[in-house]
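What follows is a set of notes on a single structure, which appears directly below.
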Amino acid sequence: MRRYWPFGLLILAATVAACASASHSGTSGRADPHGDPGLSTAQMSKLLNAVQTASAATSQAVLVEEGKRLFESTTLSKAGQSCATCHPSGGGVNMAAGIITHPTKAGDFTGPRTPIPLWGVAHTAPYTWDGHVATLSQQVTNTVLTFFSAGKTQPASTTAGQAAAILAYVSTLGPPPTAFDNGTMSAQALEGQKLFNSVGCVECHEGPFFTDNKLHVLGVPQVGNSDDPGNAALPGAFNTPELRDVKALAPYMHNGIFADLPRVLDFYSGNREVGIRQLTGPEKDAIVAFLMSL
């Protein structure tokens, strides 16, 4: 049986590499700060080449410092926010500010999407919940164009320089040290790690950031009257997010349908479509303990 993503938080957004949301939970009709900037393939290719040139022309240390300043600036965005508004500490997530409620434009789907953390974002391509952005450079460039007030009117060289700097900064973001890193997990968490590996969770949540960087169809319930289609080429499919710092990322899944990790485990336990066997209560508790340690 094919294994799909056993659980992680399909929580929303797109970021990844990107910055803060101009929308708040419960609002709609606002622009998506990580949306399609509307450039042709040729225009985007030219701009991405400019980002690459800007990255090569300046030392990484200088770029990282400037990128952090831009990431935290509250004077550049359309809503007076910063990238750090929805991504505190660089790679974290502020769910209260970051959930984007669609539609955000004509013809858009209906439904909420949650923000995706940026920890290790340089290693978690593709980007956005539907995985339609292939590279971090393009994701960051899209955000400069759509989130910064002057993004679409300023010179391309300015956009390229800003994108190069933010790209350098977010590429340095690693998850906060945890019990998993320090080798201090509880006995219950260690048992949960064994179960995580044996029941199939690890098939889609592998590696240092616990993601296979692929799209999977999970059958996650829609929220209310939502009609979120997921990936255009694979309907119902969403990008597998990382699980580092997952304890701080509730509510879970791309649409925030599950309030906590126990409810996520309830969804996947015995789910034939996903391929996870029925889990006992203590087994689910152990896996949750392991996830809380990441």
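Sort 172-183, 207-218 by the packing proxy (mean of other Cβ within 10 Å over each peptide's residues), most packed first. Walk me through the numbers before you get to the answer.
Values: 172-183: 14.1, 207-218: 18.3.
In descending order of packing, they fall as 207-218, 172-183.
I need the shape label for the stretch 124-174. Rule: rounded when a/c is under 1.5, else prolate if a/b > b/c, else oblate, with a, b, c from the alpha carbon gyration tensor. Here the stretch 124-174 falls in the oblate category. Annotation: lysines with alpha-carbon distance below 24 angstrom to residue 214 (same-chain offsets under eight excluded): 194, 247. Charged neighbours of residue 249, selected by a Cβ distance under 15 Å, balance to +1 (K, R count +1; D, E count -1). Among the trypsin sites (Lys or Arg not before Pro) in the stretch 81-154, those located in a DSSP loop and surrounded by at most 12 other Cβ atoms within 10 Å of their own Cβ are 105.
To two decimal places, what compactness ratio does the stretch 41-170 give when its Cα radius of gyration is scaled by 2.2 N^0.38 Å? Display every interim value, and only then the final one.
Values: Rg = 14.4 Å, N = 130, 2.2 N^0.38 = 14.0 Å.
Rounded to two decimals, the normalised Rg is 1.03.
Using C-alpha pairs below 8 Å separated by at least 6 residues, the relative contact order for the stretch 41-170 is 35 percent. Evaluated at q = 0.11, 0.16 Å⁻¹, a Debye calculation over the C-alpha positions of the chain (equal weights, vacuum) places log10 I(q)/I(0) at -0.62, -1.23. Of all complete DSSP H helices in the chain, those with a Cα span along the helix axis of 15 Å or greater and a mean Kyte-Doolittle hydropathy of 0.5 or more are 156-170, 281-292. Here the contact order of the chain, divided by its residue count and restricted to Cα pairs under 8 Å and six or more residues apart, works out to 29 percent.
Any read-out appearing in this document is the output of simple, stated calculations on the displayed coordinates, not a laboratory observation. If you're wondering where the values come from, they're calculated on a predicted model, not measured in any experiment. Because the Cβ atoms are built from the backbone with ideal geometry, glycine has one as well, and the counts that use them run over all protein chains shown.
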